[in-house]
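Colleague: Before anything else, here's the structure in question.
The values are calculated or read from the model by the stated rules, or taken from the named source; none is laboratory data. As the structure is a prediction and not an experimental result, all values here were calculated from the model. Glycine gets a Cβ as well: all are built from the backbone with ideal geometry, and neighbour counts include every protein chain shown. Surface areas here come from the heavy atoms of the whole protein model, side chains and all, with no ligands, DNA or RNA. Shrake-Rupley method; radii C 1.70, N 1.55, O 1.52, S 1.80 Å.
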Amino acid sequence: MKKKDFVTLILSTIGGILFALGMCMALLPEWGAMRQGIVIGVVGAVVLLAVPVRRRMDGKPAIVFSGKAIGTTLLGIAGAIALGVGMCMTMIWNMMIPGIAVGIVGIVLLLCLIPVIKGLQ
């Protein structure tokens, strides 16, 4: 992995975490941190927008959609949704055991991305 790709990976992770934390802060009334959540969410979104800008500066398209990538994207979306629903079931809807099961299914789907992506290269 090239150094700039590693930096992009780190920036994407930090941006995603900041954006998610900001959304939680803004949307959960129990936390009482609406303004701070909006600020952190915007900072996360700005960091996430730096990734396509860097790709454009390297002469690459900002976003690439190919036939192979669509299947991978759908698998990733399904895994993320399953993991999120499992988390909601355990933390919000008081359905601990089914929520854990759904969350594990989401984690397994996301782990399946590794061989799928490695096989596409």
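Colleague: Any residue that is modelled with pLDDT under 90, more than 18 Å from the chain's Cα centre (by Cα) and closer than 21 Å to residue 16 by Cα - is there at least one of those in the range 36-45?
Modeller: Narrowing the range 36-45 to residues modelled with pLDDT under 90: none.
No: the range 36-45 contains no residue that is modelled with pLDDT under 90, more than 18 Å from the chain's Cα centre (by Cα) and closer than 21 Å to residue 16 by Cα.
Colleague: To continue, here is another question. Quick check on my filter: what residues within the range 80-97 are polar (S, T, N, Q) and open to solvent by 50 Å² or more (accessible area, probe 1.4 Å)?
Modeller: Correct list: 94 only.
Colleague: Still on this model: With respect to residue 77, determine if the residue is open to solvent by 50 Å² or more (accessible area, probe 1.4 Å), closer than 19 Å to residue 5 by Cβ and either in a loop (DSSP other than H, G, I, E, B) or of a type outside the set (D, E, K, R) (or both). Show your work before the answer.
Modeller: On the way: open to solvent by 50 Å² or more (accessible area, probe 1.4 Å): yes; closer than 19 Å to residue 5 by Cβ: no; either in a loop (DSSP other than H, G, I, E, B) or of a type outside the set (D, E, K, R) (or both): yes.
For residue 77, the condition - open to solvent by 50 Å² or more (accessible area, probe 1.4 Å), closer than 19 Å to residue 5 by Cβ and either in a loop (DSSP other than H, G, I, E, B) or of a type outside the set (D, E, K, R) (or both) - is not met.
Colleague: Only one of (1) touching a residue at least 24 places away in the same chain (Cβ under 8 Å); (2) of a type in the set (Gly, Ala, Ser); (3) within 17 Å of residue 84 (Cβ to Cβ) fails for residue 15. Which number is that?
Modeller: Only one criterion in (1) touching a residue at least 24 places away in the same chain (Cβ under 8 Å); (2) of a type in the set (Gly, Ala, Ser); (3) within 17 Å of residue 84 (Cβ to Cβ) is unmet by residue 15, namely (3).
Colleague: Let me ask another. For the range 1-35, what are the residues that are over 23 Å from residue 88 (Cα atoms) and either at pLDDT 90 or above or part of a helix (DSSP H, G or I) (or both)? Working first, answer last.
Modeller: So in the range 1-35, the residues over 23 Å from residue 88 (Cα atoms) come out as 1-12, 35.
Passing the criteria: 3, 4, 5, 6, 7, 8, 9, 10, 11, 12, 35.
Colleague: Let me ask something else about it. If a residue must be among the charged types (D, E, K, R) and either assigned to a helix (DSSP H, G or I) or at pLDDT 85 or above (or both), how many such residues does the range 46-74 contain? So that I can check it myself, show each step before the final result.
Modeller: Going residue by residue through the range 46-74, those that are among the charged types (D, E, K, R) are 54-56, 58, 60, 68.
From what's left, either assigned to a helix (DSSP H, G or I) or at pLDDT 85 or above (or both): 54-56, 68.
The qualifying residues number 4.
Colleague: Look at residue 52 and say whether it is surrounded by fewer than 13 Cβ atoms within 10 Å (Cβ to Cβ) and either closer than 21 Å to residue 84 by Cβ or without any contact (Cβ under 8 Å) to a residue 12 or more places away in the chain (or both).
Modeller: Values: surrounded by fewer than 13 Cβ atoms within 10 Å (Cβ to Cβ): no; either closer than 21 Å to residue 84 by Cβ or without any contact (Cβ under 8 Å) to a residue 12 or more places away in the chain (or both): yes.
So residue 52 does not fit the description; no.
Colleague: Within the range 98-121, take every residue that is out of contact with any helix residue (DSSP H, G or I) (no Cβ under 9 Å at 6 or more places or on another chain) and either among the β-branched types (Val, Ile, Thr) or in a helix (DSSP H, G or I) (or both) and give me the one that is least open to solvent (accessible area, probe 1.4 Å). It would help to see each step written out before you state the result.
Modeller: Step one: of the range 98-121, the residues out of contact with any helix residue (DSSP H, G or I) (no Cβ under 9 Å at 6 or more places or on another chain) are 114-115, 118-119, 121.
Imposing the further condition that a residue be either among the β-branched types (Val, Ile, Thr) or in a helix (DSSP H, G or I) (or both) reduces the set to 114-115, 118-119.
Numbers: 114: 102, 115: 87, 118: 143, 119: 64 Å².
Checked the range 98-121; the qualifying residue least open to solvent (accessible area, probe 1.4 Å) is 119.
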